[in-house]
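Input: a single structure, listed below in structure tokens.
The values are calculated or read from the model by the stated rules, or taken from the named source; none is laboratory data. Because the structure is a prediction, the values reported are computed rather than measured. Cβ placement follows ideal geometry from the backbone for every residue including glycine, while neighbour counts extend to all protein chains displayed.
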Amino acid sequence: MKITTAVPGDLDQLLAFRVEAASWIRELGSDQWSRPYPADRLLATIEAGTVFMLRDGSQTAGTITLTPEAEEGLWAPEELRETSFFVNKLTVSRDYAGKDLGGRLLDWAGDRAYRSAAKWLRLDAWTSNIALQRYYLDHGFEHVRTVREGGAINGGPRVSGWLAQRPASLSSHGFEDQTPSPQPFEH
């Protein structure tokens, strides 16, 4: 399998992944991703070069978004002074479930963060999705804290405020990385 940078032509596939994941998560009893993701926002992240696709021949097995910018209001100013990459929208096709591709994508992200001279690989997860939180803990992340206030709508409750991190590190994720080499953080 290979990892490539997403292109605008991947937009429909990414939106379909989101719908598939939301349906599966709903069956597990979570309301995560129950609202459609705006296509224009997703296209902007593709065009920014922060969305990556895991491809198995002509099939897309998964996706991950990896950015050096944190979502506003989650991480403390002193934490933001530490070089970090932030994982978003990690999704694996249900056709590839049970193969730990998500864990390997996290390893790839940690490797990319490390090669960019970042200290941390960080993420925020759905506050009420205990199974997802356990997944991240099982993949080496440590819970930092849960931010419950300051959501995007009128400062109300935050639905994705469970914060976790793990050190960025080299990894043998086993994918053929066809993405441009990561740029080092400027210190």
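For E72, state whether it is surrounded by fewer than 17 Cβ atoms within 10 Å (Cβ to Cβ), part of a loop (DSSP other than H, G, I, E, B) and out of contact with any Lys or Arg (no Cβ under 9 Å at 6 or more places or on another chain). For E72, the condition - surrounded by fewer than 17 Cβ atoms within 10 Å (Cβ to Cβ), part of a loop (DSSP other than H, G, I, E, B) and out of contact with any Lys or Arg (no Cβ under 9 Å at 6 or more places or on another chain) - is met.
From the residues in the range 124-153 that are hydrophobic (A, V, I, L, M, F, W, C) and modelled with pLDDT of 95 or more, which one is nearest to the chain's Cα centre (by Cα)?
Our first condition is that a residue be hydrophobic (A, V, I, L, M, F, W, C); within the range 124-153, this holds for 125-126, 130-132, 137, 141, 144, 147, 152-153.
Subset that is modelled with pLDDT of 95 or more: 137, 141, 144.
On the way: L137: 15, F141: 13, V144: 17 Å.
Residue satisfying both the conditions and the ranking: F141.
Please verify whether the range 104-111 includes one or more residues that are farther than 25 Å from S171 by Cβ, more than 13 Å from the chain's Cα centre (by Cα) and either at pLDDT 95 or above or surrounded by fewer than 16 Cβ atoms within 10 Å (Cβ to Cβ) (or both). The answer is no, given that none of the residues of the range 104-111 is farther than 25 Å from S171 by Cβ, more than 13 Å from the chain's Cα centre (by Cα) and either at pLDDT 95 or above or surrounded by fewer than 16 Cβ atoms within 10 Å (Cβ to Cβ) (or both). Contact map, the range 3-23: residues that are farther than 23 Å from L132 by Cα and small (G, A, S) paired with residues that are surrounded by 16 or more Cβ atoms within 10 Å (Cβ to Cβ) and modelled with pLDDT under 85, Cβ distance under 8 Å, separation 6+ or inter-chain. Pairs shown: A6/L14.
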